[in-house]
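For reference, the structure is listed below as structure tokens.
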Amino acid sequence: MSNQYIIQPDLTFINEVVGLGGDTLKKCFQCATCSVACPIAPENSPFPRKEMIAASWGLKDKLVGSADIWLCHECGDCTALCPRGAKPGQTLSAIRSYAISEYSSSVPVVGKLSKMVTDPKKLALLTAIPAAWLALMAIITMFMGGVMEKIFHVIGLHWYHVTDAPIAQARFISTWLVDMTFVPVFNISLLIFAYTLYKMLSDMHANALAEGKTDKETLDYKAYFNTIPTVLKKVLKHTQFNECGENKNRGTAHMMVLFGFIGCLIVTTIGFGFLYVLGKPGPYSQWWPFKWLGNISGIAIVFGAVLMIKERLGKPDLNAYKDWYLLGLVLTLGATGLLTQMARLAGMEIATYAIYYIHLIAVFHLFAYLPFSKLAHAVYRLAAMTYAEYANRK
Ligand code: SF4
Ligand code: SF4
């Protein structure tokens, strides 16, 4: 006697995936062209055909906890060849957005941010929070310097972190206050990722065992972490992106943004060292090599973001808010970072501080909302690719 399965479709899941950009998924008639066309789908249980049918049946649990949805790099080859115009690449992207929302909304206390970050009506509120906080920090810096100096003196620290330069961002918002804001926010985001990744990895392994996609009986975390360097090399080389046919150029833009952010991270770390270890506050000379790295990184981010926006504008059907939020944020971060410095070098004090204020608001968006926005895909995809490598997904 054959086995009988009872399928219980999750209609809310289907509607949400449709709303997140998977509006064409019902057109799929399971021809499997997409799975054959995909340059990176594994031979055993390839994607995205099986994801298309699971999504149209509303099998949320089968999809949200699957590593396969993250292995797709949204190259668009399958979408270009689908005879039904079902756009499987976009449907997988919508499922990934749903998965980010599902995991991040399970985080205690701050989980509510998940729905807010994907709702365009909440953008003003999400921006007003850091805007008000940073305005308060600016008022403290500019008008309460004497009080703060006394407080810091009591605890054996120097309040101001500036040289004799006539214009310095630290005269507008103290470096102390900037770091006392962003270091905790960033660390909270790391904790949120630790919480969600732990759940996600357990789900991925359970899914891989159930679908015969791994030969590992148990999830060995030590072996998993040892696999990260191998996968990181692939990510940095953009090996998967280079296998794309349809949207090969996206790989270049993606690489510019990724290396731009890595460059900025290195420069920020060096800046921390100069300030807190060597006691040398900025602004630093343009002749210092780490300033060159910062400038090149900023330019790479801006160019990469502009290329991505240009590509999106050429595809009016790709109009999901989550994508535009991310692209807008990346461009704002890169552009305001560069413009702050240009305005300072041009001696434009008010413009320097105004642009710097916008830059800090964007940085807050980046750090505080990272685990809830599409940008979280960078972390989740690395986790899933590492799992696939560890689990011998072939
Ligand atoms: S998404 Fe398109 S190509 Fe893929 S199985 Fe469905 S109809 Fe075929
Ligand atoms: S978008 Fe590209 S990587 Fe993703 S499933 Fe389609 S062909 Fe494969």
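Label points 7 Å out from Cα along the Cβ direction at residue 348 and residue 265: separation in nm?
My value for the distance between the label points is 3.2 nm.
Run the simple label-point estimate for residue 45 and residue 115 please: 7 Å along Cα→C-beta, distance reported in nm.
Spacing of the two 7 Å Cα→Cβ label points: 3.2 nm.
Suppose every K and R has +1 on its Cβ and every D and E has -1 on its Cβ; what is the size of the dipole of the chain about the Cα centre, in Debye to the nearest 20?
With Lys and Arg at +1 and Asp and Glu at -1, about 300 debye.
With an 8 Å cut-off on Cα pairs and a minimum separation of 6 or more residues, tell me the relative contact order of region 11-104 in percent.
Rounded, it is 40 percent for region 11-104.
Size of the dipole of region 1-140 about the Cα centre, Lys and Arg at +1 and Asp and Glu at -1 on the beta carbon, nothing else charged, in debye to 20?
Around 300 debye, computed over region 1-140.
Per the helix-only calculation at 222 nm, which mean residue ellipticity applies to the chain, given -39500 (n - 2.57) for every DSSP H run of n ≥ 4 and division by its residues, nearest 500 deg cm²/dmol? Could you put the intermediate results ahead of the total?
On the way: 19 runs with 258 residues, N = 394.
Computed mean residue ellipticity for the chain: -21000 deg cm²/dmol.
Peptides 75-85, 168-178: what's the order by average Cβ count within 10 Å, highest mean first?
With the highest mean Cβ count within 10 Å placed first, the list reads 168-178, 75-85.
If a/c stays under 1.5 just call it rounded; otherwise compare a/b with b/c (prolate if a/b is bigger, oblate if not). Do that for the chain, with a ≥ b ≥ c from the square roots of the Cα gyration tensor eigenvalues.
Because a/c hits 1.5 or more and a/b exceeds b/c, the chain counts as prolate.
What is the gain in length, in nm to one decimal, between residue 122 and residue 232 on full extension, counting 0.36 nm per residue of separation less the C-alpha to C-alpha distance?
This chain segment gains 36.1 nm when fully extended.
Taking a label point 7 Å from the Cα of residue 164 along the Cα→Cβ vector, which residues of region 255-293 have an amide N closer than 18 Å to it?
The answer is 280-286.
So, in nm, how far is label residue 129 from label residue 80 when the simple model puts each one 7 Å beyond its Cα toward the Cβ?
If labels sit at residue 129 and residue 80, their model points lie 4.1 nm apart.
Which residue, 143, 235, 37, has the largest displacement toward the positive end of the dipole of the chain when charges sit on each Cβ (Lys, Arg +1; Asp, Glu -1)?
Checked the options; the winner is 37.
Report the local net charge at residue 177: Lys and Arg +1, Asp and Glu -1, summed over other residues whose C-beta lies under 15 Å from its C-beta.
-1
May I ask you to derive the relative contact order of the chain, considering only C-alpha pairs under 8 Å and at least 6 residues apart, and to give it as an integer percent? Walk me through the intermediate numbers first.
On the way: 486 pairs, mean separation 86.5, N = 394.
Once divided by the residue count of the chain, the mean separation gives 22 percent.
Scanning the chain for helices, which whole DSSP H stretches are 27 Å or more long along the axis (Cα) and average -1.0 or more by Kyte-Doolittle?
Qualifying helices: 123-143, 175-210, 248-272, 289-313, 321-345, 349-369.
Dipole magnitude of region 103-249 about its Cα centre, charges +1 at Lys/Arg Cβ and -1 at Asp/Glu Cβ only, in debye to the nearest 20?
For region 103-249, the charge dipole is close to 180 debye.
What cysteines in the chain have no other cysteine with a beta carbon less than 4.7 Å from their beta carbon?
Isolated Cys, the chain: 28, 31, 38, 72, 82, 264.
Distance cut-off 22 Å, Cα to Cα: go down the list 27/115; 26/62; 27/213 and report the pairs above it.
27/115; 27/213
Given a Förster distance of 41 Å, report the FRET efficiency between residue 288 and residue 313 from their Cβ-Cβ distance, rounded to the nearest 0.05.
Taking R0 as 41 Å, the efficiency between residue 288 and residue 313 is 0.65.
Given R₀ = 25 Å, FRET efficiency for residue 8-residue 239 by Cβ-Cβ distance, to 0.05?
Result of the calculation: an efficiency of 0.05.
Readers should treat all values here as calculations from the given coordinates under stated rules, not as data from a laboratory. Computed from a predicted model, the values in this text were never measured in an experiment. Note that we place each Cβ from the backbone using ideal geometry, even for glycine, and neighbour counts take in every protein chain shown.
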